[in-house]
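A.B. asks: So that we are looking at the same thing, I have put the structure below in structure tokens.
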Amino acid sequence: MRIILLAGLASILLAACGVSPKRWEPPQSVYRAESLAAQGRREEAAALYWDSAEAAPPEAAFDLRLRAVETLLTPQTRAQARSYLERIGRAGLPPDQQVRLRLAEARLALLEGRPQRALALLPESPPPDLDPALSARLLDLRAEILAALGRTEQAIALRIRLAREAPTAGLREADEDALWDLLRTLPPERLDACRRQLQDPVLAGWCALAWIPTQSGDEASLAAAIETWRNRHPGHPAARRFPQRILSDWRALRVQPRQVAVLLPLTGRLAGAGNAIAEGLLAAYYGRPGEEALRFYDTASDPARAVTAYARATAEGADAVIGPLSKAAVRRLAAEVTITVPTLTLNYLPDAEAATPDNLYQFGLLPEDEAREIARRMWREGRRRAVAFVAEGGWGQRMLRALKAGLTEYDGVLLDARALTGGQTDFSGVIQQALLLDESRARYNRLRAVLRREIRFEPRRRGDVEVIALAAPPVQARLLHPQLRFYFSGDLPVYATSRVYTGRPNPFADADLNGVEFCDAPLVLGSTEQARRVRAALEQAVPEAVQRLPRLAALGYDAWILLPQVRVLESRSASALAGVTGRLSMGSGRRVIRELDWARFEEGRAVPLSSLDARTSPAPSGAEAVPDTRLTPAAPGAPLQPSPEPEPMPTDTSPTAGSRPAR
């Protein structure tokens with residue numbers, strides 16, 4: 001909120017009312033009220049203003065009473081402000097006083113959580129002859145209200161106007177700061193679209209600068225991107241303060257440890273997962289050499305040992321920790337240990353709503369992320385209604401719950417859901433039930449009985465379904481998909497989780513999945529330049545780990561890149577870091593959220609949708625040259641369970657044990 005300092009209250013009151021100083025002199029109580037307000041003693045100040053109005057001329061009395069209301073316009077004293085405001089007379093007010101009264105009413109409505117009412121109280125633009133200071137206050141409050149209503153683009157445009165027209169450097173900087181805060185609430189894709197538009201180059205420059213921190217992963221790339229921005233936007237008003245602010249904020253928030261402890265199960269039944277994560281982490285560590293010392297602590301498969309290892313690591317000088325891996329170990333760590341250093345776990349606390357200890361950040365390959373990704377994809381494409389087929393068992397039920405929650409969040413609905421029994425090959429029954437083909441056939445039988453003769457009949461599936469959602473392993477998916485086509489569903493898009501794909505090309509077997517689209521980690525799909533580069537480096541160093549557990553190797557890689565950035569992401573809810581497990585942002589409870597990439601099976605091969613789009617769409621022009629520093633999501637939010645597929649799927653049980661590949 002713009003703060004207007006009223007130095008010399010007496011002269012302002014007299015000038016506003018047209019009263020000669022010889023006719024009325026404000027009493028000492030007015031100056032005392034001003035002093036109390038400056039000390040934060042608002043209720044006492046308001047009472048003095050109000051009482052002082054009793055002996056003042058009518059014009060000055062209104063100003064003093066309104067000053068009492070304005071003094072109380074805070075969240076803590078809004079009830080008292082409402083009480084005073086209802087007692088102010090409104091008849092015969094000159095235009096400036098009418099505007100001040102409307103400003104107070106609108107500010108109070110905003111404090112009361114009624115932004116629509118607040119907006120209705122203000123004119124869209126100031127009256128032509130209004131005092132410039134009041135005009136600025138009106139537009140300033142309007143920008144606040146628009147932001148509260150979620151009309152962020154309008155609020156940003158208004159802030160740019162206010163900054164451009166500000167009469168003093170202080171007011172200009174206040175508006176620029178408010179503008180910058182608004183820009184930081186926009187998701188990266190909206191900033192990206194804004195920076196590419198050509199109608200308003202000043203707005204494009206602001207958006208381009210705000211977009212840079214959402215993409216850059218280290219100080220070198222951040223500085224290079226800012227320098228590119230300077231060259232593209234010479235003389236831009238943001239160049240005065242904000243490039244340096246981005247760098248200083250980044251340095252202040254960045255975790256810069258001297259010694260990092262990694263708590264992983266390197267022996268025992270979780271050793272396969274632990275070693276794959278370790279190899280990915282080491283690839284990132286050696287790929288971006290720094291001064292950090294790195295030390296591994298073997299937690300085996302014992303949650304108690306993870307707690308002991310944490311205490312030992314911090315006692316031995318670790319000032320940052322990555323791990324532990326299992327959900328049980330993360331739960332015990334959060335419950336039994338005071339987290340004294342930034343700690344990035346590789347799994348999540350079971351209760352997403354539970355309070356998270358300070359310094360604890362949660363990261364992993366949570367299977368539920370993929371179900372929510374399907375809901376998000378549907379929302380983006382304007383699809384709202386889905387029918388789901390999920391693998392039978394606990395994992396399938398987890399995915400189903402997550403899909404329902406995601407659809408609710410994105411205004412969608414799950415029309416029906418059916419479980420796919422393990423070992424079953426004929427899914428005609430569940431398909432006909434989910435698509436209401438059995439009801440169509442029943443109607444036909446009833447009609448035939450009434451007519452007592454054979455009639456031409458073609459079953460019709462339900463017409464309200466827009467998407468088939470699939471959460472099943474490859475064997476089941478390869479059987480289900482051709483049967484869906486047989487039962488009149490070939491026109492419906494099928495969106496699947498990553499479990500549909502083994503992670504390795506198998507054109508002969510996956511030909512039955514042609515047309516199915518699924519979300520997965522960029523490292524698995526090769527959907528970004530960095531993902532392809534990291535995959536090539538991992539395949540050269542530790543081919544076995546990448547072939548067997550690519551998502552877990554990606555988890556380790558991203559954990560190392562993410563650790564320095566956790567506080568940055570926490571402070572900027574709109575920021576995201578592009579990794580090899582997905583696009584990473586920080587949600588509530590310091591839980592890292594993954595947004596995955598998409599691919600489609602074509603001729604039995606998983607082809608990233610970004611590659612397919614590139615075939616038909618021209619490359620966008622006018623983009624900022626920002627170095628590719630994206631990462632990718634990889635490991636499950638829970639330990640893995642062995643399966644006949646090359647990579648186990650995230651569940652709440654353990655992965656196959658394995659040995660750590662030699663480097």
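A.B. asks: Does the range 270-297 hold any residues that are surrounded by fewer than 18 Cβ atoms within 10 Å (Cβ to Cβ) and out of contact with any strand residue (DSSP E or B) (no Cβ under 7 Å at 6 or more places or on another chain), and which are they?
C.D. replies: Once the filter is applied, which keeps residues that are surrounded by fewer than 18 Cβ atoms within 10 Å (Cβ to Cβ) and out of contact with any strand residue (DSSP E or B) (no Cβ under 7 Å at 6 or more places or on another chain), the range 270-297 yields Tyr286, Gly287, Arg288, Pro289, Gly290, Glu291.
A.B. asks: Among (1) assigned by TED's automatic domain parsing to the domain that holds Leu492; (2) touching a Pro at 6+ places or on another chain (Cβ under 6 Å); (3) not hydroxyl-bearing (Ser, Thr, Tyr), there is one condition Leu365 misses while meeting the rest; what is its number?
C.D. replies: Looking at each condition in turn, Leu365 falls short on (1).
A.B. asks: Can we say Ala81 is outside any loop (DSSP other than H, G, I, E, B), touching an Asp or Glu at 6+ places or on another chain (Cβ under 9 Å), at pLDDT 85 or above and assigned by TED's automatic domain parsing to the domain that holds Gly150?
C.D. replies: The answer is yes for Ala81.
A.B. asks: Considering each residue of the range 258-277, count those that are under 15 Å from Ile561 (Cβ atoms) and either among the aromatic types (Phe, Trp, Tyr) or not in a strand (DSSP E or B) (or both), and give that number.
C.D. replies: Total meeting the criteria: 1.
A.B. asks: Restricting the first residue to the range 343-363 and requiring it to be in contact (Cβ under 8 Å) with a residue 60 or more places away in the chain, which pairs with a second residue that is acidic (Asp, Glu) and crowded, with 22+ Cβ neighbours inside 10 Å meet a Cβ separation below 9 Å and a spacing of at least six or different chains?
C.D. replies: Listed by first residue and then by second, the contacts come to Phe363/Asp558.
A.B. asks: So, of the residues in the range 285-295 that are more than 16 Å from Gly323 (Cα to Cα) and in a helix (DSSP H, G or I), which turns out to be farthest from the chain's Cα centre (by Cα)?
C.D. replies: Tyr286
A.B. asks: In this structure, does Leu73 turn out to be in contact with a helix residue (DSSP H, G or I) (Cβ under 8 Å, 6 or more places away or on another chain) and either more than 14 Å from Arg41 (Cα to Cα) or exposed (fewer than 12 other Cβ atoms within 10 Å of the Cβ) (or both)?
C.D. replies: No, not satisfied.
A.B. asks: Just to check your reading of the model, which residue among Ala163, Ala157, Ala147 is within 26 Å of the chain's Cα centre (by Cα) and either assigned to a loop (DSSP other than H, G, I, E, B) or modelled with pLDDT of 90 or more (or both)?
C.D. replies: After ruling out the rest, the residue left standing is Ala157.
A.B. asks: Hey, another quick one. Please state which of the following conditions Pro128 fails to meet, knowing it meets all the rest: (1) free of Cβ contacts under 8 Å to residues at least 40 places away in the same chain; (2) surrounded by 16 or more Cβ atoms within 10 Å (Cβ to Cβ).
C.D. replies: (2)
A.B. asks: Considering only the range 324-377, state which residues are surrounded by fewer than 22 Cβ atoms within 10 Å (Cβ to Cβ), among the aliphatic types (A, V, I, L, M) and more than 12 Å from Gly589 (Cβ to Cβ).
C.D. replies: Hits for the range 324-377 are Ala328, Ala335, Val337, Ile339, Val341.
A.B. asks: Val255 - would you say it is outside any helix (DSSP H, G or I), hydrophobic (A, V, I, L, M, F, W, C) and modelled with pLDDT under 95?
C.D. replies: Against the criterion (outside any helix (DSSP H, G or I), hydrophobic (A, V, I, L, M, F, W, C) and modelled with pLDDT under 95), Val255 qualifies.
A.B. asks: If you check Asp298, Asp319, which single one turns out to be more than 30 Å from the chain's Cα centre (by Cα) and over 27 Å from Pro522 (Cα atoms)?
C.D. replies: Only one candidate qualifies: Asp298.
A.B. asks: If Gly412 meets every condition in (1) over 19 Å from Arg478 (Cβ atoms); (2) at pLDDT 60 or above; (3) loosely packed, with under 13 Cβ neighbours inside 10 Å apart from one, which number is that one?
C.D. replies: Unmet for Gly412, out of (1) over 19 Å from Arg478 (Cβ atoms); (2) at pLDDT 60 or above; (3) loosely packed, with under 13 Cβ neighbours inside 10 Å: (3).
A.B. asks: Follow-up. Asp175: assigned by TED's automatic domain parsing to the domain that holds Pro115 and either closer than 30 Å to Pro564 by Cα or surrounded by 21 or more Cβ atoms within 10 Å (Cβ to Cβ) (or both), yes or no?
C.D. replies: Spelling it out, Asp175 is indeed assigned by TED's automatic domain parsing to the domain that holds Pro115 and either closer than 30 Å to Pro564 by Cα or surrounded by 21 or more Cβ atoms within 10 Å (Cβ to Cβ) (or both).
A.B. asks: Something else about it: Within the range 76-89, restricting attention to residues that are among the polar types (S, T, N, Q) and surrounded by fewer than 18 Cβ atoms within 10 Å (Cβ to Cβ), which residue is nearest to Glu44 (Cα to Cα)?
C.D. replies: Checked the range 76-89; the qualifying residue nearest to Glu44 (Cα to Cα) is Thr77.
A.B. asks: Right, next: Taking the criterion of being of a type outside the set (A, V, I, L, M, F, W, C), touching a residue at least 24 places away in the same chain (Cβ under 8 Å) and crowded, with 17+ Cβ neighbours inside 10 Å, would at least one residue in the range 388-395 satisfy it?
C.D. replies: no
A.B. asks: What number of residues within the range 296-327 satisfy the criterion of being within 14 Å of Gly364 (Cβ to Cβ) and outside any loop (DSSP other than H, G, I, E, B)?
C.D. replies: 2
Quick grid of which residues meet (1) under 21 Å from Leu577 (Cα atoms); (2) in a helix (DSSP H, G or I); (3) not aliphatic (A, V, I, L, M):
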site	(1), (2), (3)
Leu186	yes, no, no
Asp192	yes, yes, yes
Glu227	yes, yes, yes
Pro234	no, no, yes
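A.B. asks: To continue, here is another question. Need a quick list: strands (runs of 3 or more DSSP E) entirely within the range 548-661 having at least 2 residues that are modelled with pLDDT under 90.
C.D. replies: Per the criteria, 577-580, 583-586.
A.B. asks: Would you check if Thr228 is more than 30 Å from Leu134 (Cα to Cα), more than 22 Å from the chain's Cα centre (by Cα) and touching a residue at least 40 places away in the same chain (Cβ under 8 Å)?
C.D. replies: Yes, satisfied.
A.B. asks: Does any residue in the range 520-537 that is farther than 10 Å from Ala599 by Cα come within less than 6 Å, Cβ to Cβ, of a residue that is of a type in the set (Asp, Glu) and at pLDDT below 90 six or more places away or on a different chain, and which pairs are these?
C.D. replies: As it stands, the answer is Glu529/Asp628; Gln530/Asp628, since those pairs meet every condition given.
A.B. asks: Can you tell me which residue in the range 113-144 is nearest to the chain's Cα centre (by Cα), limited to those that are outside any loop (DSSP other than H, G, I, E, B) and among the small types (Gly, Ala, Ser)?
C.D. replies: Ala143
Here is a yes/no grid of residues against (1) surrounded by fewer than 21 Cβ atoms within 10 Å (Cβ to Cβ); (2) closer than 24 Å to Arg107 by Cβ; (3) of a type in the set (Ser, Thr, Tyr):
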residue: Arg142; (1), (2), (3): no, yes, no
residue: Thr152; (1), (2), (3): yes, yes, yes
residue: Ile156; (1), (2), (3): no, yes, no
residue: Trp206; (1), (2), (3): no, no, no
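A.B. asks: A follow-up question, please. Starting from the range 98-112, keep only residues that are over 14 Å from Gln80 (Cα atoms), then list their pairs with residues that are surrounded by fewer than 21 Cβ atoms within 10 Å (Cβ to Cβ) and among the small types (Gly, Ala, Ser) whose Cβ atoms are within a distance under 7 Å, requiring at least 6 positions of separation or different chains.
C.D. replies: Leu110/Ala148
A.B. asks: Read through the list (1) modelled with pLDDT of 90 or more; (2) outside any helix (DSSP H, G or I); (3) over 37 Å from the mean Cα position of the chain (by Cα), then give the number of the only condition that Arg90 fails.
C.D. replies: Every listed condition holds for Arg90 apart from (1).
The values are calculated or read from the model by the stated rules, or taken from the named source; none is laboratory data. Note that the structure is predicted; figures quoted are calculated from it, not measured. Reconstructed Cβ throughout: ideal geometry from the backbone, glycine too, with neighbour counts over all protein chains shown.
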